[in-house]
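Let me begin by presenting the structure, written as structure tokens, before commenting on it.
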Ligand code: GTP
Ligand code: IMP
Ligand code: MG
């Protein structure tokens, strides 16, 4: 389908980055465009023996044919963005919108102390205070920054032009549904809406221009920072299960609970998901590690996937069986 939006179904860190990288290599989109909040997100991607961490550019960067765009709804950390463009060598295919907001040191300072840090558990990257200034209409925009001159473009125009030509576009969400400022566990949320509609608004795509919404769920639920997590496991139990994870941006230990069907159902509703991607199946069912075919999965793993489809009434089209991009089962054409 020409436009596919990928969003997180729980509290972020579901493994969107890896799923997006897989789709980027498999479907060869002309454009990957990032919505969401900003450098508070961190995707980890493993491919061909290398591990990449990406916070500003779209996770599709591994495909050299894909243009990497950042929509006007995203706030930018200049240092992080320029560093990633240079590290990944994507100077000729990275573009940010004229109207992206710019995070400054003052925002990072406010975000790294006091209430935001201590009671919300913010990432300290300055995104919340920058979005507050945007609402106050005092935030600097990308078009005012000299060092971005080469990378500026009208992103909504580029994306809609591609869609008109029926070219493939990946729209990349960050964070997760229950971190949404509107739909999440307020006040323990991020500073914007991060459901599919919000992500589309970030990049300038109208609701009738979306063909598919892939919602990414991890095989268990994780949460980093403060806020409610139903049926949260003790840290001992998390370790016994082998579910321990450390945050990409902050290095904090992620909290964990079993897969939550109720949350997942609400998430499907809020995002109008048409497909489900399940990641980390190998962590819950280690015998399934690196598998690339559904028929090879163990009976309990197959049963887990079938239960998700029965209860949520949306097909599970992609399954992650390891951190490597190719550790993926693709059932889209079956
Ligand atoms: P945010 O935008 O910050 O919400 O991040 P994200 O959804 O891209 O997820 P993130 O990369 O922060 O965390 C997912 C972690 O799981 C990463 O370390 C990935 O390498 C890893 N991962 C992703 N899919 C799989 C999988 O199927 N199996 C295993 N074992 N690891 C996976
Ligand atoms: P902020 O977005 O930095 O203001 O943080 C607000 C809350 O959202 C905190 O609980 C963060 O841990 C959480 N959060 C923000 N971005 C991410 C993400 O990409 N993955 C997981 N949690 C996130
Ligand atoms: Mg992350």
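For this structure, a couple of remarks:
- With N the number of residues in the chain, Rg(Cα) / (2.2 N^0.38 Å) evaluates to 0.93.
- Efficiency of FRET from Cβ geometry, residue 266 and residue 106, R₀ 35 Å, rounded to 0.05: 0.45
- Counted by neighbouring Cβ atoms within 10 Å, the residues 67, 266, 115, 134 run from fewest to most as 115, 266, 134, 67.
- Fully extending the segment from residue 132 to residue 306 would add 58.3 nm, taking 0.36 nm per residue of separation and subtracting the current Cα-Cα distance.
- For the chain, relative contact order (Cα pairs under 8 Å, six or more residues apart, normalised by length) works out to 22 percent.
- Ascending count of other beta-carbon atoms within 10 Å, so fewest first, for 252, 223: 252, 223
- With the helix formula -39500 (n - 2.57) applied to DSSP H stretches of n ≥ 4, the chain reaches a computed 222 nm mean residue ellipticity of -8000 deg cm²/dmol.
- One Cα centroid belongs to region 60-105, the other to region 266-309; the line between them spans 32 Å.
- Stretch gain in nm, segment residue 161-residue 241, where the contour uses 0.36 nm per residue and the Cα spacing is subtracted: 24.1 nm
- Inverting the pair-averaged 1/r between distinct Cα atoms of region 125-200 gives 14.8 Å as its Kirkwood hydrodynamic radius.
- Shape analysis of region 1-87 places it in the rounded category; the axes a ≥ b ≥ c from the Cα gyration tensor give an a/c below 1.5.
- Principal axis extents of the C-alpha atoms in region 165-260 (largest first, rounded to whole Å): 53, 28, 25.
- Projected over every direction and averaged, the convex hull enclosing the alpha-carbon atoms of region 78-189 yields 8.7 nm².
- Two-decimal log10 I(q)/I(0) for region 12-144, as the Debye equation yields it once each C-alpha is a single scatterer, q = 0.20, 0.22 Å⁻¹: -1.16, -1.31
- At an R0 of 30 angstrom, the distance between the Cβ atoms of residue 86 and residue 113 translates into a FRET efficiency of 0.50.
- Radius of gyration and maximum dimension Dmax of region 253-293, Cα, Å: 12.9, 33
- For the pair residue 145 and residue 51 in one chain, pulling the backbone fully straight at 0.36 nm per residue adds 30.8 nm over the alpha carbon distance.
- The alpha carbons of region 1-40 stretch over 27, 16, 16 Å along the principal axes, in descending order.
Here, each number is a calculation from the coordinates, and none is a lab measurement. Note that this is a predicted model, so its numbers are computed, not measured. Glycine also receives a Cβ, built like all others from the backbone with ideal geometry; neighbour counts cover every protein chain displayed.
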